[in-house]
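**Student:** This is the structure I have questions about; it appears just below.
The values are calculated or read from the model by the stated rules, or taken from the named source; none is laboratory data. Here the structure is a predicted model, which means the values were calculated and not measured. All Cβ positions, even for glycine, are placed from backbone atoms using ideal geometry, and neighbour counts span all protein chains on display. Areas reflect the complete protein model, heavy atoms only, side chains present, ligands, DNA and RNA absent. Shrake-Rupley method; radii C 1.70, N 1.55, O 1.52, S 1.80 Å.
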4 protein chains.
Amino acid sequence: MSPTAGEVLGAGARLAAEAARFAALGWMRGTSGNLSEVVSRDPLRLAVTASGLDKGELSAADLAVVGPAGDPVEVEGIAPLRPSAEAGLHARVAALTGAGAVVHVHTLSAVVAGAHWPGGVRLRDLETLKGIGRGAHDDEVLVPVIPNSQDMAELGDRFEAAYDPGVPAVIVASHGLYAWGDDLLRARHVTECVDWLLAYRIATR
Amino acid sequence: MSPTAGEVLGAGARLAAEAARFAALGWMRGTSGNLSEVVSRDPLRLAVTASGLDKGELSAADLAVVGPAGDPVEVEGIAPLRPSAEAGLHARVAALTGAGAVVHVHTLSAVVAGAHWPGGVRLRDLETLKGIGRGAHDDEVLVPVIPNSQDMAELGDRFEAAYDPGVPAVIVASHGLYAWGDDLLRARHVTECVDWLLAYRIATR
Amino acid sequence: MSPTAGEVLGAGARLAAEAARFAALGWMRGTSGNLSEVVSRDPLRLAVTASGLDKGELSAADLAVVGPAGDPVEVEGIAPLRPSAEAGLHARVAALTGAGAVVHVHTLSAVVAGAHWPGGVRLRDLETLKGIGRGAHDDEVLVPVIPNSQDMAELGDRFEAAYDPGVPAVIVASHGLYAWGDDLLRARHVTECVDWLLAYRIATR
Amino acid sequence: MSPTAGEVLGAGARLAAEAARFAALGWMRGTSGNLSEVVSRDPLRLAVTASGLDKGELSAADLAVVGPAGDPVEVEGIAPLRPSAEAGLHARVAALTGAGAVVHVHTLSAVVAGAHWPGGVRLRDLETLKGIGRGAHDDEVLVPVIPNSQDMAELGDRFEAAYDPGVPAVIVASHGLYAWGDDLLRARHVTECVDWLLAYRIATR
């Protein structure tokens, strides 16, 4: 069933609050990055933060609703806004991983790590790996790094090819980080832990 | 037509709020930096934050109104305040670039980058370049670096000589950053993206 | 005598406020870290922040009460919550050191320092050493570093073996920091000073 | 004439607000640092923040009043608090420099710079030097670095020997920064500019 306007605006309020939180951390400089929440699974519909706005100053209505290909979908009672091109990747991440929420931020640590380790960032024997669902000992994790593209189909293919079901994050080189979770709070925690892990890795290389 | 006191104070309120935001980021330490908004285009008049005050604690009236050469201009109902010497460069930036707002901040990343690359900071193949109106791929951007001067006419000439219409920012070596946009919000976003790009460049050199 | 619900919730309110403060510093990313307060000494009972929650958003009731081995203890009027496995180490720290409050945070400086100096972090001739009860001159301090483990009995044994009564903090390598004091405010100050000392040591190595 | 209780508490309110501001910057970790304001010049009396308290949580009454040697002075209506030993250096700085306010903070940049350049930190050709009253061009500034001591008379002698009337700040090696100005706001601005200059110097060495 399609989502109602109330469900969409509820998601919008959560996305706006979460975006303000990430913006305050300096992870959404300019108007960069976008957050999404799955508002219906079948058909797949995501509420995605609107493009081109300051991510620290969104309101609940500053969102677009998109379908599986990032195409705008009309919801009665919601003024249609142009989705970011990246909405297509959000939808694909949600479809492929089953995530309920996707975070895309431009953290410096992700882009610096992507430059240092274009083949993926190896992490191992760190307690904070538990924060992304992995083991703190003897469990080698490779955070995938994929080349950037403006073609969301191409970027989505790269994402799919690199995707490891055991790693809830992918670095887009020269660009930023995608991370996800069952809900927005879990996606926040994954994002924070990945950032910590990458910052640690950079500090000790 | 000349701006009214109401227009000037409206600009002052926006400049004060924006300055407090930049000050909280640590980009206007001491009483450094200044922000301006074009309040009339013909004749050219800018509202510029007042000199010598803490940029985190400005009120709407803490501004000067200046003309094309940074000279103080009287506006009925506005108590005249001494403009910063740098107001002259703000006016020149606005005249040359057509910008509606100019940001001048002392970010560490700008001055460190200016020291590393006195001939200009080369940036390329970075998604965040889109935040300053450039391409994320195969588009080489050179952020100009000009030597510092206390003579605003000289500094303005250097600015004009170095100015690239495709790059909305210039580093003044040993000093800070100038960035601009159609309005104050856009100038904020350009400033944030340039800071991110310079910090990235420094972290990966 | 066993603690009352009121005493436990009073501790919970203090722990929640303190956790929000540490979270804002970026020291409790994801749901990492935990804080505790001794609510009775004999029998030993600690109020420990609950596991799996965002440490910036705890309420007074988001805690578990544990005994000397980190085992959950019922208190009338308190809804029993599952303690973090690390509660066992908190209890052991409190028992061994006599501390009234224990802080466990994932500061980057602690984990980076643990990687650089797995045999312990040597500090000497620094005024901030007075903040952890040591001398500013001619007093060599070794902050112990112990290997990480998921077995709290094993980690506790390592803690006990490494413990120096003159140093109110231990680094768990690849994991984070434990610090303590007579009360929560003192534990905060010790944590802040140790973080400063480790950051300084890293910056000057 | 001796200061009144009202004058002292007015200073205390300003010192508490300023200390909270510096603490939020991370420059007064633990209970470190102290701020003072001259409340009478003849006889010399300073209001100094009390020792051993969290500098982010002071109230107006959390201060001591001291004379030229840092000795506690009674003021009618003010509960006498034990001054920090460092109050003696505050008084000496105020007497020697004529400053109306003195800031002592434990900034990482000051202590790192003191370790890199124990003979003094050379600064030159930087716009931010204007923020400490110096020239942006061709004006060489040496921020003095003096060895730490717990004996305030000895530290004061070192301060006096190193003092350059053209530089409103001194680094105490392995310890922190002293900076001053005509009033507390000016001392804040000097402190911020010196921190910026030292951070820049460290980043480009």
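**Student:** I'd like the residues of the stretch D:45-59 whose 1.4 Å-probe accessible area shrinks by no less than 50 Å² going from the isolated chain to the full set of protein chains.
**Tutor:** Listed in order, they are D:Asp54.
**Student:** OK, next. How far is it, in nm, from the label point at C:Ser51 to the one at D:Ser51 when both lie 7 Å from their Cα along the line to the Cβ?
**Tutor:** The modelled label-to-label distance comes out at 4.5 nm.
**Student:** Heavy-atom accessible area per residue, the protein assembly as shown, 1.4 Å probe: how many Å²?
**Tutor:** On the way: 29730 Å² over 820 residues.
Result: 36 Å² per residue.
**Student:** Non-local amide H neighbours of C:Ala50 (under 5 Å, H modeled in plane, Pro and chain starts lacking H): which ones?
**Tutor:** Correct list: C:Leu63, C:Ala64.
**Student:** What residues does the stretch A:162-205 have that are buried by at least 10 Å² of accessible area in the full protein assembly compared to the chain on its own, 1.4 angstrom probe?
**Tutor:** A:Ser174, A:His175, A:Leu185, A:Arg188, A:His189, A:Glu192, A:Cys193, A:Trp196, A:Ala199, A:Tyr200, A:Ala203, A:Thr204
**Student:** Still on this structure, please answer the following. Can you list, shortest first in nanometers, how far C:Pro68 lies from the same residue in the other copies, with each label 7 Å from Cα toward Cβ?
**Tutor:** The projected label point of C:Pro68 is separated from its counterparts by 6.1, 6.1, 8.7 nm.
**Student:** Whole-Hz Karplus ³J(HN,Hα) for the stretch C:186-195, in order, using 6.51 cos²θ - 1.76 cosθ + 1.60 and θ = phi - 60°, x for Gly and Pro?
**Tutor:** 5, 5, 4, 5, 4, 4, 5, 5, 4, 4
**Student:** Where the convex hull is taken over the Cα atoms of the stretch A:80-156, what is its projected area averaged over directions, in nm²?
**Tutor:** Details: hull surface 26.1 nm².
Directional mean of the projected Cα hull area for the stretch A:80-156 stands at 6.5 nm².
**Student:** Looking only at the stretch C:55-205, where both bridge partners belong to it, what percent of the DSSP beta bridges are antiparallel (to the nearest 5)?
**Tutor:** Numbers: 13 of 15 bridges.
Antiparallel bridges make up about 85 percent of those DSSP assigns within the stretch C:55-205.
**Student:** To continue, here is another question. To make sure I understand the rule: partners must be lysines, Cα under 27 Å from the Cα of C:Lys55, and not fewer than 8 residues away in the same chain. Which ones qualify?
**Tutor:** A:Lys55, A:Lys130, D:Lys55
**Student:** Next up: Around A:Gly176, which amide H atoms from residues at least 5 apart in sequence, or from another chain, sit under 5 Å from its own amide H, with H modelled in the peptide plane?
**Tutor:** none
**Student:** Further question: How large is ³J(HN,Hα) for each residue in the stretch A:122-136, as worked out from phi by the Karplus curve 6.51 cos²θ - 1.76 cosθ + 1.60 (θ = phi - 60°), to whole Hz, x for Gly and Pro?
**Tutor:** 7, 10, 6, 6, 9, 3, 5, 4, 4, x, 10, x, 10, x, 7
**Student:** In the calculated pair distance distribution of the protein assembly as shown, what percentage of Cα-Cα distances lie above 48 Å?
**Tutor:** Roughly 24 percent, once rounded to a whole number.
**Student:** Sticking with this structure for a sec: Kindly provide the helix-only [θ] at 222 nm of chain B, computed as the sum of -39,500 (n - 2.57) over DSSP H runs of four or more divided by all residues, to the nearest 500 deg cm²/dmol?
**Tutor:** It comes out at -11000 deg cm²/dmol, rounded to the nearest 500.
**Student:** A:Leu44's amide H: which non-local residues (gap 5+, or another chain) put their own amide H closer than 5 Å, with H modeled 1.01 Å from N in plane and none for Pro or chain starts?
**Tutor:** Here the answer is none, since no amide H 5 or more places off falls under 5 Å of that of A:Leu44.
**Student:** Could you give the alpha-carbon Rg of chain A over 2.2 N^0.38 Å, rounded to two decimals?
**Tutor:** Values: Rg = 16.1 Å, N = 205, 2.2 N^0.38 = 16.6 Å.
Relative to the 2.2 N^0.38 Å estimate, chain A comes out at 0.97.
**Student:** Under the Karplus relation 6.51 cos²θ - 1.76 cosθ + 1.60, θ = phi - 60°, what is the ordered set of whole-Hz ³J(HN,Hα) values for the stretch B:88-96, x standing for Gly and Pro?
**Tutor:** 3J(HN,Hα) across the stretch B:88-96, in whole Hz: x, 6, 4, 4, 5, 4, 5, 5, 6.
**Student:** Using a 1.4 Å probe over the heavy atoms of the protein chains, calculate the carbon and sulfur portion of the accessible area of the protein assembly as shown as a whole percent.
**Tutor:** On the protein assembly as shown, the fraction of accessible area on carbon and sulfur atoms equals 51 percent.
**Student:** Sticking with this structure for a sec: What size of dipole, in debye to the nearest 20, comes out for the stretch A:1-110 about its Cα centre when the only charges are +1 on Lys and Arg C-beta atoms and -1 on Asp and Glu C-beta atoms?
**Tutor:** My answer is approximately 300 debye.
**Student:** Measuring from a point 7 Å out along Cα→Cβ, what nm distances, shortest first, does B:Pro80 have to its partners in the other copies?
**Tutor:** 5.6, 5.6, 8.0
**Student:** Ok, one more. What's the local net charge at D:Val167, with K and R +1, D and E -1, over the other residues with C-beta under 12 Å away? Could you put the intermediate results ahead of the total?
**Tutor:** Numbers: positive: D:Arg122, D:Arg134; negative: D:Asp139, D:Glu140, D:Asp164.
So the environment of D:Val167 carries a net charge of -1.
**Student:** Moving on. Identify, for chain D, the residue whose C-beta comes nearest the rotation axis onto chain B, and round that distance to whole Å.
**Tutor:** Spelled out as residue then distance in Å, it is D:Ala24, 7.
**Student:** In addition: Given a 1.4 Å probe, show me the residues in the stretch B:124-158 buried by at least 10 Å² of accessible surface when comparing the whole protein assembly to the chain alone.
**Tutor:** For the stretch B:124-158, once contacts with the other chains are taken into account, B:Asp125, B:Leu126, B:Glu127, B:Thr128, B:Lys130, B:His137, B:Asn148, B:Gln150 lose 10 Å² or more.
**Student:** Can you list, shortest first in nanometers, how far D:Thr204 lies from the same residue in the other copies, with each label 7 Å from Cα toward Cβ?
**Tutor:** Sorted ascending, the copy-to-copy spacings read 2.4, 2.4, 3.3 nm.
**Student:** Can you give the relative contact order of the stretch D:5-203 as a percent, counting alpha carbon pairs under 8 Å and 6+ residues apart?
**Tutor:** 19
**Student:** At D:Ser59 and A:Arg82, where each label point lies 7 Å from the Cα along Cα→Cβ, what is the point-to-point distance in nanometres?
**Tutor:** That separation, rounded to one decimal, is 5.7 nm.
**Student:** As a test of the definition: with a 1.4 Å probe, what buried accessible area, both sides summed, do you compute for D against B, in Å² to the nearest 100? Intermediate values should be presented prior to the final figure.
**Tutor:** Working: alone 8980 and 8970 Å², together 16410 Å².
The buried area between D and B, both sides summed, comes to about 1500 Å².
**Student:** Okay, moving on. Please determine, in degrees from 0 to 90 and to the nearest 10, the orientation of helix A:152-162 with respect to the longest principal axis defined by the Cα atoms of chain A, where the helix direction is its Cα long axis.
**Tutor:** That helix lies at roughly 40 degrees to the long axis.
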